[in-house]
Amino acid sequence: MAREITIDPVTRIEGHARIRISLGDAGQVADAQFQVTQFRGFEKICQGRPLAEMPSLMARICGICPVSHLIASAKACDDILAVKPPKVGEDLRALMNLAQIVQSNALSLFHLASPDLLFGFDADPAMRNIVGVAKSNPQLAMDGIYLRKFGQHAIELLGGKRIHPAWIVPGGVESALTAEKRDEIRAMIPEAYAAADRALVWYKSNLLNWAEEAETFGAFPSAFMSLVDADGNVAHYDGRLRVVDHDGTLLADFDAHDYADYIGEYTDEASFLKPTYFKPRGIENGLYRVGTLARAIVAERFGTPRADVELDAFRSRFGRYPSSSFHYHQTRLFDILYGIERMEMYLDDPEILATRVASHAEVNRNVGIGVAEAPRGTLIHHYVVDDDGIVQTANLIIATGHNAAAMNASVLQVARHFVRGERIEEGMLNRVEAVIRCYDPCLSCSTHAMGQMPLHISLVGYDGEVLDEVRR
Amino acid sequence: MTLHRPLVIAYGNRLRGDDAIGWVVADALRDDVRMEPVDVLAVQQLTPDLANEITTASRVVFVDARLDPALTPGVVAVDVVLPEFDAGLMTHNVGAGTILSLAEALYGVHPPAVAVTVAIESAEPGADLSGAVSASVSQLVETVIRLCTETSNA
């Protein structure tokens, strides 16, 4: 008799989603799927809007990573204007993006994932939460808060406000950085390093506690994709898109304008999330991953001293091409460390105070494509405008779409390893949820917090009968 | 000596219809001279790092939309917020009570806090407020100003 386990909604991720696990006749896990149950209407909202509005409009998609949407959108607009911003304009954009990389990754690791990592996957949910972390390991909680504050404050100083700054515009940025603001951001960096270092020590010293999870949380061969710079190193603002296989084989290296030759999208009737696939391999075999783990795998190096020391140690321990999605957590810390280092480099460059920060032009093309690495992975904005610069169509490919197939495969792997028959156990099902949190999916593009989102798990027979049910 | 000021934290999504009400109120408050001694912050959602932010406030006023079919759209409510953590509340969207609870656990202090909410009609994608919620803006603004200035004058 076929049965299903449903986890609805999934907690501690960005937005609304559920997990559906189908059991076979003998109670074994037959299939599993991560489903997004909310509708995103932003591509439709864009239609009819003037090009100049797009970056600030797109930033409102998300309250956690608005700067990534600003960057990708502004780059798509640059493309339509056929204009290249002045160097300092691009550096200031990159600086703001790095500030967001730091704060957004801190939110994911410290506030969403750390309760599982600190208390264990079988711990009482009454303790396994951010307030529990604050009481049990206040330094860890305060380090997370500091890194969030550091990134948010830098964004606020650069853009005038911390959420949805309209500072990044087609052609560059709106205003130059003052020496006073530069110094204020710069002064926060030593404590940011200290917080990141403490978190890395804590994480690495606890890795052995999660050995079973590290071996079963999305541990399978797949391709990976990210931006890389001209040296093949990690890049968040610009570069070429590179796809490598599980053994490091180079599968593709291409300009973002050619993304449609390599990345396909398809719809899933059960979910509003639109998954992507690596076109040369087709939908069935085209699974790939993006995000912090992909960046650490695809790139040769970070190209900054502290992050490269951590990357070397990581590769010594897990190999050059680790396959487990559990390592998104550790590589998220690498991204934070790299972000701080790169911010320091930009701020120490006297040219960062240059005042010609934008180029100006009219509509010169009808199509524009912008790409950037968001905290969770590659983000692509693709616009088509008429001759007056009015948006006709927009296509947004977000990191969570790239990772959709990998999330499904990961849920299936974890469910097969930890879920047994008709019994619903807290720690078992939390692991199924936790593997999704490794990817830090961002669905919040449209959500409204409507009070408590209880975890509701039901085990349903093929005829619709509820065999078991758990709420918390 | 640091003079602590009231802090308004308005939140919601500007592209989700009535859910934008927090931002609309925050914009109006920033333009009001009576709010000079008050800090106003607008965010898309409450996150744990706000625990640090509130520790230097004399009082916190949260402004949010409330989507409850049982309530008449446009009705404004004021509720005291107490430090609390619901064991079932495990989303990234922490509640106002959890922000206070975190501040207490990490910094040993939390300011008094109230939540000003307005019942909304819809949080579906869109850039406009419904008529009922739009009509409540002035009442919301006056309510927040009263709560803040009472504190400031205390």
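Taking the numbered list (1) away from chain B (no Cβ under 14 Å); (2) of a type in the set (A, V, I, L, M); (3) out of contact with any Pro (no Cβ under 6 Å at 6 or more places or on another chain) in turn, A:Ile168 passes all entries but (3).
For (1) under 22 Å from the mean Cα position of the chain (by Cα); (2) within 29 Å of A:Asn430 (Cβ to Cβ); (3) among the small types (Gly, Ala, Ser), each residue gets a yes or a no:
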{"position": "A:Ala196", "(1), (2), (3)": "yes, yes, yes"}
{"position": "A:Lys204", "(1), (2), (3)": "yes, yes, no"}
{"position": "A:Leu208", "(1), (2), (3)": "no, yes, no"}
{"position": "A:Phe224", "(1), (2), (3)": "yes, yes, no"}
{"position": "A:Asp231", "(1), (2), (3)": "no, no, no"}
{"position": "A:Ala235", "(1), (2), (3)": "yes, no, yes"}
{"position": "A:Arg240", "(1), (2), (3)": "yes, no, no"}
{"position": "A:His257", "(1), (2), (3)": "yes, no, no"}
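I'd like to check something: does region B:79-87 contain any residue that is modelled with pLDDT of 90 or more and at the interface with chain A (Cβ under 7 Å from one of its Cβ atoms)? No, the conditions are met nowhere in region B:79-87. For A:Ala166, the criteria (1) modelled with pLDDT under 95; (2) buried (at least 23 other Cβ atoms within 10 Å of the Cβ) hold in every case but one, which is (2). Could you tell me whether region B:34-43 includes any residue that is part of a helix (DSSP H, G or I) and surrounded by fewer than 23 Cβ atoms within 10 Å (Cβ to Cβ)? Within region B:34-43, one or more residues are part of a helix (DSSP H, G or I) and surrounded by fewer than 23 Cβ atoms within 10 Å (Cβ to Cβ). When region A:122-141 is filtered for residues that are buried (at least 22 other Cβ atoms within 10 Å of the Cβ) and more than 22 Å from the chain's Cα centre (by Cα), the ones remaining, listed by number, are A:Arg128, A:Val131, A:Gly132, A:Val133, A:Ala134.
Tell me the residue from B:Asp32, B:Asp49 that is of a type in the set (D, E, K, R) and either within 11 Å of chain A (Cβ to nearest Cβ) or more than 20 Å from B:Val141 (Cβ to Cβ) (or both), please.
Selected residue: B:Asp49, the only one of B:Asp32, B:Asp49 that is of a type in the set (D, E, K, R) and either within 11 Å of chain A (Cβ to nearest Cβ) or more than 20 Å from B:Val141 (Cβ to Cβ) (or both).
Considering B:Ile21, B:Ile99, B:Ile54, the condition of being out of contact with any Cys (no Cβ under 9 Å at 6 or more places or on another chain), farther than 28 Å from A:Val131 by Cα, within 14 Å of another protein chain (Cβ to nearest Cβ) and not small (Gly, Ala, Ser) is satisfied by B:Ile21 alone.
Yes or no: region A:113-127 includes at least one residue that is within 28 Å of A:Leu227 (Cβ to Cβ) and in contact with a strand residue (DSSP E or B) (Cβ under 6 Å, 6 or more places away or on another chain). No, every residue in region A:113-127 fails to be within 28 Å of A:Leu227 (Cβ to Cβ) and in contact with a strand residue (DSSP E or B) (Cβ under 6 Å, 6 or more places away or on another chain).
Give me a count of the residues in region B:41-73 that are closer than 24 Å to B:Ala135 by Cα and modelled with pLDDT under 95. Residues flagged as closer than 24 Å to B:Ala135 by Cα and modelled with pLDDT under 95 within region B:41-73 amount to 15. Scanning region A:142-153 for residues that are within 9 Å of chain B (Cβ to nearest Cβ) and either more than 20 Å from the chain's Cα centre (by Cα) or not hydrophobic (A, V, I, L, M, F, W, C) (or both) yields A:Met142, A:Gly144, A:Tyr146, A:Arg148, A:Lys149, A:Gln152. Can you pull out every residue in region A:206-244 that is within 30 Å of A:Asn408 (Cα to Cα) and small (Gly, Ala, Ser)? Residues satisfying the conditions are A:Ala211, A:Ala214, A:Gly218, A:Ala219, A:Ser222, A:Ala223, A:Ser226, A:Gly232, A:Ala235, A:Gly239. Restricting attention to region A:349-386 and to residues that are out of contact with any strand residue (DSSP E or B) (no Cβ under 6 Å at 6 or more places or on another chain) and among the aliphatic types (A, V, I, L, M), the residue that is nearest to A:Glu43 (Cα to Cα) turns out to be A:Ala374. Considering region B:47-142, the qualifying strands (runs of 3 or more DSSP E), each wholly inside and each with 2 or more residues that are surrounded by 23 or more Cβ atoms within 10 Å (Cβ to Cβ), among the aliphatic types (A, V, I, L, M) and touching a Gly at 6+ places or on another chain (Cβ under 7 Å), run over B:57-66.
Find the strands (runs of 3 or more DSSP E) located wholly in region A:159-261 whose residues include 1 or more that are in contact (Cβ under 8 Å) with a residue 24 or more places away in the chain and within 19 Å of A:Phe318 (Cβ to Cβ), and list them. Spell out the reasoning first.
Values: elements: A:223-228, A:240-244, A:250-254.
Hits in region A:159-261: A:223-228, A:240-244.
Scanning region A:55-87 for residues that are away from chain B (no Cβ under 11 Å), closer than 25 Å to B:Leu46 by Cα and of a type outside the set (Gly, Ala, Ser) yields A:Pro55, A:Val67, A:His69, A:Leu70, A:Ile71.
The values are calculated or read from the model by the stated rules, or taken from the named source; none is laboratory data. Since we're looking at a predicted model, the values are computed, not measured. Reconstructed Cβ throughout: ideal geometry from the backbone, glycine too, with neighbour counts over all protein chains shown.
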